[in-house]
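One structure is given here, and the rest of the page talks about it.
The values are calculated or read from the model by the stated rules, or taken from the named source; none is laboratory data. Bear in mind that the values here come from a model prediction, so they are computed numbers and not experimental data. Every residue, glycine among them, receives a Cβ derived from its backbone with ideal geometry; neighbour counts consider all protein chains shown. The protein model used for the area step is the full one, side chains on, heavy atoms only, and it has no ligands, DNA or RNA in it. Shrake-Rupley method; radii C 1.70, N 1.55, O 1.52, S 1.80 Å.
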Amino acid sequence: MDLQPLTLHLPETTYQRLVKLAAQSERPVAEETVHLLNSTLADGGVLSADMATQLEQLALLTDEELWKAARSKASEIDNDLMQTLLEKRQREGLTASETAQVQALSNYFNQIMTVRAKSAALLRERGHDISTLSPSS
């Protein structure tokens, strides 16, 4: 496989999240970055029809509803389950069922982050100061 060089300039918070993910998966940052890109591009980078519809409907929400969506996050139970599965994957590997669970959780987390980002963008377009929103809140 031919490798192509790529230089990225990332916000510090994004880079730190990437470093954390790399540590959790026990991969170098560059390898984790390639893994994330491949996961994202696996479906051609196209949003599912349901997700595209959900994002379009965000524009219909009130500002209060958008703030709530922009601050939404996964439950501690889902976060803990994902952490447990990722640790198990590193220690001993996962069953097919557990691998499917990791993929489903990953998709769910990506959906949450996409809705948060779109909600924040809409709030900004509506003239709100979104500086109080943080990537981990």
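Please work out which one of (1) open to solvent by 50 Å² or more (accessible area, probe 1.4 Å); (2) under 17 Å from the mean Cα position of the chain (by Cα); (3) free of Cβ contacts under 8 Å to residues at least 12 places away in the same chain is the condition Ala22 fails and give its number.
Going through (1) open to solvent by 50 Å² or more (accessible area, probe 1.4 Å); (2) under 17 Å from the mean Cα position of the chain (by Cα); (3) free of Cβ contacts under 8 Å to residues at least 12 places away in the same chain one by one, Ala22 breaks only (1).
Here are the criteria: (1) open to solvent by 40 Å² or more (accessible area, probe 1.4 Å); (2) farther than 24 Å from Pro28 by Cα; (3) at pLDDT below 90. Tell me which single one Asn110 does not satisfy.
That leaves (2) as the condition not met.
From Thr33, Thr7, Thr13, Thr53, which residue is assigned to a helix (DSSP H, G or I), at pLDDT 80 or above and more than 16 Å from the chain's Cα centre (by Cα)?
On the way: Thr33 fails: more than 16 Å from the chain's Cα centre (by Cα); Thr7 fails: assigned to a helix (DSSP H, G or I); Thr13 fails: more than 16 Å from the chain's Cα centre (by Cα).
Testing whether each residue is assigned to a helix (DSSP H, G or I), at pLDDT 80 or above and more than 16 Å from the chain's Cα centre (by Cα) leaves just Thr53.
What are the residues in the stretch 56-108 that are under 14 Å from the mean Cα position of the chain (by Cα), outside any helix (DSSP H, G or I) and hydrophobic (A, V, I, L, M, F, W, C), if any?
Ala74
So how many residues does the stretch 115-132 have that are assigned to a helix (DSSP H, G or I) and either over 16 Å from Thr53 (Cα atoms) or acidic (Asp, Glu) (or both)? Steps first, please.
First pass over the stretch 115-132, keeping only residues assigned to a helix (DSSP H, G or I): 115-125.
Next cut, either over 16 Å from Thr53 (Cα atoms) or acidic (Asp, Glu) (or both) only: 120-121, 123-125.
Residues flagged as assigned to a helix (DSSP H, G or I) and either over 16 Å from Thr53 (Cα atoms) or acidic (Asp, Glu) (or both) within the stretch 115-132 amount to 5.
In the stretch 113-133, how many are loosely packed, with under 13 Cβ neighbours inside 10 Å and free of Cβ contacts under 8 Å to residues at least 12 places away in the same chain? It would help to see each step written out before you state the result.
The initial filter retains those residues of the stretch 113-133 that are loosely packed, with under 13 Cβ neighbours inside 10 Å, namely 125-127, 129, 131-132.
Those still in the list that are free of Cβ contacts under 8 Å to residues at least 12 places away in the same chain too: 125, 127, 129, 131-132.
Qualifying residue count, the stretch 113-133: 5.
In this structure, is Ile112 within 28 Å of Asp63 (Cβ to Cβ), touching a Lys or Arg at 6+ places or on another chain (Cβ under 7 Å) and not in a helix (DSSP H, G or I)? Before the answer, list the steps.
Working: within 28 Å of Asp63 (Cβ to Cβ): yes; touching a Lys or Arg at 6+ places or on another chain (Cβ under 7 Å): yes; not in a helix (DSSP H, G or I): no.
No: the conditions fail for Ile112.
Could you say whether any residue in the stretch 63-84 is touching a residue at least 40 places away in the same chain (Cβ under 8 Å) and among the acidic types (Asp, Glu)?
Let us first name the residues in the stretch 63-84 that are touching a residue at least 40 places away in the same chain (Cβ under 8 Å), namely 63, 66-67, 69-73, 83.
Narrowing further to those that are among the acidic types (Asp, Glu): 63.
Checking the stretch 63-84: at least one residue is touching a residue at least 40 places away in the same chain (Cβ under 8 Å) and among the acidic types (Asp, Glu).
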